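The numbers here are math on the coordinates, done by the rules we state, and not lab data. Small disclaimer: the values here were computed from a predicted structure and weren't measured. Please note: Cβ atoms are built from the backbone with ideal geometry, for glycine as well, and neighbour counts cover all protein chains shown.
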Amino acid sequence: MTSSLPSPLKCSVASGHPRVTEAASAILQAGGNAFDAVVAAGFASAVAEPTLTSLGGGGFLLARTAQRRSVLFDFFVNTPGQGLRTGELQPHFLPITVRFPSSEQIFNVGLGSAATPGVLRGYLHIHRRLGRLPLTDILAPAIDLARAGVTINPAQAYFLNLLVPVMTLTGAGRMLFQPDGRYLGEGDIFRNPELATFLETLPTDGEQAFYAGELARCIDGDMREGDGILTATDLASYQVIEREPLPTDYRGFRLLTNPPPSFGGSLIGLSLRLLEARQMTELTFGSPAHLALLVAVMQEVERCRTEGYLSSADLGQPGLAKSLERVRQVSGGTTHISICDAEGNAASMTTSNGEGSGYFVPHTGIMLNNMMGEDDLHPEGFHVSPPGVRVASMMAPSLLLEDNQVRLALGSGGSKRIRTALLQVISNSVDFAMNPKKAVEAPRLHWDCQQIQIEPGFGDVVLEALAEHWPLNRWTTQDVYFGGVHAAAPGGAGAGDPRRGGHAAMVQIPSTSQSITP
């Protein structure tokens, strides 16, 4: 009889920052499952990616257990203002312009832009429901990062530079991001000691102080003084919602994604239905016909959304047939974490603080979101919905299944570009058999309703062919504008999107079993 060492089990982690990936990896190696790891990574990302996410923001987790049960945890933001009279629902907005290298977008910040946050309650709810390690273990990586500090890498320096007016809007923000009078840049150390101290209270007190205690009363008072409309009643009544994921079949695969009332997942589902109108075996990746088809799908989905249709189910067969025909005529502040563990669990989580409101909850180091000031989340106008309503979102954490097995966990940041980034990565994976790294790193395009925004990497002949039909804005570099798709596959394969400083890792877990060979 000879004894052989068991082969290590392989997990996959992909996130927007190396230290976030490290946090998840450490939890997996300590015996945690994918859901322990994704919550630990979420807390760590609030420190390492302060321009993209926060415990004062909102998000979604699409979880699939080893027993093949799938659930969407909705902890996105609610409209604020419960307990206020109609005349008091006049929030203060401060418009700012975020300038990308080849485009710009206007956002509204200030106290009036803050919606009821869900991330903190969401993380703790998920841990209670699906985690197995003690909360102290889950919080340890984030606490260490917040207290010891994290080095600002090139991606985070870029985001910080985009959001200078937000991060320095208040004294609390200037203390964190402009210590000693100099704004943080690449290579500097970012610390958030107040956040570390706050996180240390969670194993004992949970989210009580934030949602129903002293901190909630402080937030309420600050809002009333500063023309915000988030109230203590809003915070006390906030609940995480568990939903059935939205399924969409595509060329023998099944995509599970974020269901209504959010519209990002529905728009991706509609995009896939339209893309399926053309046999991709006829096309070569990056050819004029391939890119023209993508643009046609993006245009049609935008047209449908403008007319009030959000999914193929909304269209009905006659409407869908017309959309398919139009496609056939053409021939030619968010972060994401994906984890697949060795047990068969998969977690796909997208969170966002928008651009941030600029307001920090006293003594916590937590900036609240600006979701009430993002026009893409409120197509019918700001503050049209009554208080206490879950805001719809473009975020679409997703799982791609084949034969009822998870093949890819993926999601993206990128505001209006989330759905087009995910559409292209899904198509790259299914239609062109790309591995996660190639599918994520391949060049992308986006139809912005006026022109095609297109990354470098496509041939001049292709670009000239597209320019004959549509206005074209050629980017000289891959950029965060085109999303940040972080993807993980079972068996250790994964990809962090370089556009958002992404980082992926294969995590090896020692097997608890031993094989004996005669």
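Could you compute the FRET efficiency for Lys10 and Thr151, with r as their C-beta to C-beta distance and R0 at 22 Å, rounded to 0.05? About 0.20, to the nearest 0.05.
One chain, two ends: Arg129 and Ser70. Fully extended at 0.36 nm per residue, the span grows by 19.9 nm beyond their Cα-Cα distance. Peptides 463-469, 20-26 ranked from most to least packed, by the mean per-residue count of other Cβ atoms within 10 Å: 20-26, 463-469.
Which of the peptides 394-400, 341-347, 484-490, 431-437 is most tightly packed, and how do the rest follow, judged by the mean count of other Cβ atoms within 10 Å per residue?
On the way: 394-400: 27.1, 341-347: 23.3, 484-490: 29.0, 431-437: 17.0.
Sorting 394-400, 341-347, 484-490, 431-437 by mean packing, highest first, produces 484-490, 394-400, 341-347, 431-437.
Taken one residue at a time, the phi angles of segment 58-75 give Karplus couplings (6.51, -1.76, 1.60, θ = phi - 60°) of x, x, 9, 10, 9, 10, 9, 7, 4, 8, 6, 9, 10, 8, 9, 8, 9, 10 Hz. Gly and Pro are set to x. Fully extending the segment from Arg251 to Arg99, taken as 0.36 nm per residue of separation minus the present Cα-Cα distance, adds 50.9 nm.
Placing unit charges on each Cβ (+1 for Lys and Arg, -1 for Asp and Glu) gives the chain a dipole about its Cα centre, and among His290, Met394, Thr201 the Cα reaching farthest toward its positive end belongs to His290.
Compute the separation of the alpha-carbon centres of segment 429-480 and segment 197-248 and state it in Å as a whole number. Between the Cα centres of segment 429-480 and segment 197-248 lies a distance of 40 Å.
Each Lys and Arg Cβ is given +1 and each Asp and Glu Cβ -1; about its Cα centre, segment 403-518 then shows a dipole of about 380 debye.
Stokes-Einstein diffusion for segment 211-298 at 10 °C, viscosity 1.306 mPa s, with a Kirkwood radius from C-alpha pairs, works out to 94 µm²/s.
Checking every one of the trypsin sites (Lys or Arg not before Pro) in segment 58-93 against DSSP loop status and a limit of 16 other Cβ atoms within 10 Å picks out Arg68, Arg69, Arg85.
Protection proxy ranking, highest mean first, for peptides 445-457, 177-189: 445-457, 177-189, where packing is the per-residue count of other beta-carbon atoms within 10 Å, averaged.
Which of the three applies to segment 78-195, rounded, prolate or oblate, going by the alpha-carbon gyration tensor with a ≥ b ≥ c and a/c under 1.5 meaning rounded? Oblate is the answer for segment 78-195, as a/c is 1.5 or above yet b/c matches or exceeds a/b.
Among rounded, prolate and oblate, which fits segment 219-266 when a ≥ b ≥ c are the square roots of the eigenvalues of its C-alpha gyration tensor, a/c under 1.5 means rounded, and a/b larger than b/c means prolate? Prolate, since a/c reaches 1.5 and a/b exceeds b/c. Taking a temperature of 37 °C and a viscosity of 0.692 mPa s, what whole-number D in µm²/s does Stokes-Einstein yield for segment 377-504 with Rh from Kirkwood over alpha carbon pairs? Diffusion coefficient, whole number: 204 µm²/s. Set against the labelled values (i) 77, 62, 43; (ii) 71, 53, 46; (iii) 72, 59, 46, Cα extents along the principal axes in Å computed from this structure falls on (i). Each Lys and Arg adds +1 at its Cβ and each Asp and Glu adds -1 at its Cβ; summed about the Cα centre, the chain shows a dipole of about 840 debye.
Treating r as the C-beta distance of Met175 and Thr201 and R0 as 25 Å, the FRET efficiency rounds to 0.75.
When the helices of the chain are scored as -39500 (n - 2.57) per DSSP H run of n ≥ 4 and the total is divided over every residue, the value at 222 nm lands at -11000 deg cm²/dmol.
Taking amide H atoms as placed 1.01 Å from N in the peptide plane, list the residues 5 or more away in sequence, or in a different chain, whose amide H sits under 5 Å from that of Tyr250. Those qualifying (amide H under 5 Å, at least 5 residues apart or on another chain) are Leu255.
Using only side-chain charges placed at the Cβ, +1 for Lys and Arg and -1 for Asp and Glu, the dipole size of segment 366-463 relative to its Cα centre rounds to 220 debye. Taking 0.36 nm per residue of separation and subtracting the current Cα-Cα distance, fully stretching the chain between Met506 and Asp460 would add 12.9 nm.
Here's the picture: charge each Lys and Arg Cβ at +1 and each Asp and Glu Cβ at -1 in segment 1-132, and of Pro18, Asn33, Phe43 the one pushed furthest to the positive end of that dipole is Asn33. In the chain, a dipole from Cβ-located charges (positive for Lys and Arg, negative for Asp and Glu) runs towards its positive end, and of Leu9, Pro498, Gly57 it is Leu9 whose Cα lies farthest in that direction.
For a test of the definition: using alpha carbon positions, the gyration tensor, and the 1.5 limit on a/c, classify segment 17-72 as rounded, prolate or oblate. The shape class here is oblate.
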